[in-house]
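Structure record follows, encoded as structure tokens.
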Amino acid sequence: MRSSKHDNTAAGDIPEDNVEAEETVSDQDTAVDSGAVEEKIIKDLNDKYLRLYAEFDNYRKRIAREKEELIRYGNESLLYELLPVIDNLELALKHSSDEAGAGIVRGVEITLKELRRTLEKFGLSRIEAEGKEFDPSVHHAMTQVEREDMDEKMVAEEMRAGYLYRDKVLRPSLVAVSVKPKKMEEENDDSRVDKNDAEDPENQFNEEIEEEDSNG
């Protein structure tokens with residue numbers, strides 16, 4: 001019996017103590033791997049949650065901003081469509097005569113005044129133009145006008161009124177922009193040329209020779 005047991009061990013059988021030790025190490029490795037996997041899953045889920053939360057928060061802010069703009073500028077289309085009505089009433093008053101139809105003229109004035117007052121309550125305001133410095137953000141230049149009494153790039157004439165809807169340009173003003181008169185510039189250029197010629201010694205010498213020849 002003793003020799004048989006010795007032969008089995010010599011034949012390569014692993015002792016039971018070693019087998020149990022290897023199984024314990026294997027279980028520990030499995031536990032470590034399982035813990036790492038669970039930690040990675042938790043981290044991925046947390047990252048996914050944070051991304052979804054950020055996207056939802058951005059969506060909520062965008063909806064709130066759009067809602068605010070809708071409330072603030074909800075009447076933009078209506079006000080824009082009413083601008084030609086104001087234009088026509090202003091033209092009617094501009095070309096009206098005080099002698100004929102004074103009552104009608106007065107009625108148009110009252111109507112226009114009331115219409116402006118009502119639209120101002122909803123954020124409509126007229127852009128200042130004539131006599132102001134030209135501003136391309138609110139003025140649209142249609143032509144240039146020579147003006148001696150104004151500096152360059154000033155609004156010399158308002159052809160059609162422009163309007164703001166709150167802080168937004170609803171329609172730019174159509175204007176004529178002032179420039180310096182060309183005639184005055186040409187006269188100044190000619191005077192400068194004559195002055196330079198008079199001061200040129202060569203011109204003076206040629207004039208003296210011509211004068212001597214004529215006297216001789």
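Under a 5 Å amide H cut-off, with hydrogens placed 1.01 Å from N, residue 160 pairs with 174 among residues at least 5 apart or on other chains.
Measuring against 32 Å, Cα to Cα, the residue pairs 94/168; 113/168; 61/121; 61/153 contain 61/153 as the ones spanning a longer distance.
The smallest convex shape that holds all Cα atoms of the range 43-135, its convex hull, gives 135 Å³ per residue.
Couplings 3J(HN,Hα) for the range 120-135, derived from phi with the Karplus relation 6.51 cos²θ - 1.76 cosθ + 1.60 (θ = phi - 60°), are 5, 4, 9, x, 8, 9, 7, 7, 6, 9, 4, x, 9, 5, 4, 10 Hz, where x marks Gly and Pro. Note on the range 109-190: the C-alpha convex hull projects to 6.4 nm² when averaged across all orientations.
Counting 0.36 nm for each residue step from residue 67 to residue 146 and taking away their Cα separation leaves a gain of 23.6 nm. Local charge for residue 53 was computed over the other residues whose Cβ lies under 13 Å away, with Lys and Arg +1 and Asp and Glu -1, and equals +1. Amide H to amide H, with H built 1.01 Å from N, residue 154 comes under 5 Å of 134, 178, counting only residues 5 or more places away or on other chains.
Applied to the range 168-178, the Karplus parametrisation 6.51 cos²θ - 1.76 cosθ + 1.60 on θ = phi - 60° returns per-residue 3J(HN,Hα) values of 10, 6, 7, 7, x, 7, 8, 9, 10, 9, 7 Hz, with x for Gly and Pro. When you count the other C-beta atoms within 10 angstrom of each residue and take the mean per peptide, 34-47, 109-122 line up highest first as 109-122, 34-47. Protection proxy ranking for 57-66, 153-162, using the average of other Cβ atoms within 10 Å per residue and placing the highest first: 153-162, 57-66. For the pair residue 153 and residue 40, the difference between a 0.36 nm per residue extended length and the Cα-Cα distance amounts to 33.9 nm. Neighbours of residue 111 by Cβ distance under 13 Å: Lys/Arg scored +1, Asp/Glu scored -1, total +1.
Each value in this text was obtained by applying a stated rule to the coordinates, not by laboratory testing. Bear in mind the structure is a predicted one, so any value in this text is a computation, not a measurement. Using ideal geometry, Cβ is built from the backbone for each residue, glycine included, and neighbour counts are taken over all protein chains shown.
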